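The values are calculated or read from the model by the stated rules, or taken from the named source; none is laboratory data. Every value quoted in this text rests on a predicted model; they were computed, and no experiment measured them. Here the Cβ positions follow ideal geometry from the backbone for every residue, glycine too, while neighbour counts run over all protein chains shown.
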Amino acid sequence: MKLATFASGCFWCTEAVFLRLKGVEKVVSGYTGGFVKNPPYREVCEGSTGHAEGIHIQYDEQVITYQELLEVFFATHDPTTLNRQVYDVGTQYRSAIFYHSEEQKKAANEYIAYLNMSNVFPDPIVTEVTAFEVFYEAEEEHQDFYNNNQEMRYCQVIIDPKLNKLNKLFKEKLR
């Protein structure tokens, strides 16, 4: 199994997207990229830990490639808004790729350059590309959040549109 670590706003959204992909064996919501050890959710939400809400993905490279994960990542959030995704504002909601190897770093930077050069987005991409250091698993109530809370208004208003886009753009990659 290979690892990928992404942040693209609320981890509930990102987790829901990547759990639906063939080849993704496990997705864990948590905190990464900050300076506080074992941060609790409340402190991360306040923006006082430096961490981003992120996901840690275990995937089978024989079924889905890192490049395909990058394509889904960029298609399912706005990588042009600094420290903001829809109603979630703060550094904890930044767009970030935490690479686990030089190959992942190169792939991420090359794909960002391609997207910018191709004017896929109306504004330049602000996604940070940073070496992975540590990932702290979020509290249990944040794991598999969408699947356990689909009736919540947040899930219906914010996550459902992302999943609809995923279904439209990446139908062949879904379980």
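Side notes on the structure shown:
- Candidates LYS168, LYS105, filtered to the one that is of a type outside the set (Phe, Trp, Tyr), surrounded by fewer than 13 Cβ atoms within 10 Å (Cβ to Cβ) and part of a helix (DSSP H, G or I): LYS168
- Any hit, the range 110-123, residues being in a strand (DSSP E or B) and in contact (Cβ under 8 Å) with a residue 24 or more places away in the chain: no
- Residues within the range 139-158 that are β-branched (Val, Ile, Thr) and either closer than 18 Å to THR81 by Cα or not in a helix (DSSP H, G or I) (or both), tallied: 1
- Test result for VAL126, aliphatic (A, V, I, L, M) and within 27 Å of ASN167 (Cα to Cα): yes
- Scanning the range 45-62 for residues that are modelled with pLDDT of 95 or more, over 22 Å from ASN164 (Cα atoms) and of a type in the set (A, V, I, L, M, F, W, C) returns a single hit, ALA52.
- Extreme residue, surrounded by the fewest Cβ atoms within 10 Å (Cβ to Cβ), among residues of the range 66-86 that are under 16 Å from GLU128 (Cα atoms) and aromatic (Phe, Trp, Tyr): PHE74
- Taking the criterion of being crowded, with 16+ Cβ neighbours inside 10 Å and either hydrophobic (A, V, I, L, M, F, W, C) or over 18 Å from GLU141 (Cα atoms) (or both), the residues of the range 18-30 that qualify are PHE18, LEU19, ARG20, LEU21, GLY23, VAL24, VAL27, VAL28.
- Every listed requirement among (1) crowded, with 19+ Cβ neighbours inside 10 Å; (2) within 27 Å of PHE35 (Cβ to Cβ); (3) modelled with pLDDT of 95 or more is met by TYR146 save one, (2).
- Residue that is nearest to the chain's Cα centre (by Cα) [pool: residues in the range 1-43 that are β-branched (Val, Ile, Thr) and within 15 Å of PHE98 (Cβ to Cβ)]: THR14
- Filtered residue count, the range 22-60, keeping only those that are among the aromatic types (Phe, Trp, Tyr) and more than 27 Å from LYS173 (Cα to Cα): 2
- If you go through the range 101-136 and keep only what is under 17 Å from THR65 (Cα atoms), touching a helix residue (DSSP H, G or I) at 6+ places or on another chain (Cβ under 8 Å) and not hydrophobic (A, V, I, L, M, F, W, C), you end up with GLU103, GLN104, TYR111.
- Selection status of VAL89, farther than 21 Å from LYS22 by Cβ, under 16 Å from the mean Cα position of the chain (by Cα), among the hydrophobic types (A, V, I, L, M, F, W, C) and surrounded by fewer than 16 Cβ atoms within 10 Å (Cβ to Cβ): yes
- Within the range 124-133, the set of residues being assigned to a loop (DSSP other than H, G, I, E, B) and surrounded by fewer than 13 Cβ atoms within 10 Å (Cβ to Cβ) comprises PRO124, GLU133.
Rundown of residues vs (1) among the aliphatic types (A, V, I, L, M); (2) crowded, with 17+ Cβ neighbours inside 10 Å, yes/no style:
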{"position": "ALA16", "(1), (2)": "yes, yes"}
{"position": "THR32", "(1), (2)": "no, yes"}
{"position": "LYS37", "(1), (2)": "no, no"}
{"position": "THR49", "(1), (2)": "no, yes"}
{"position": "ILE64", "(1), (2)": "yes, yes"}
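- With respect to the stated conditions, TYR136 fails to be surrounded by 12 or more Cβ atoms within 10 Å (Cβ to Cβ) and assigned to a helix (DSSP H, G or I).
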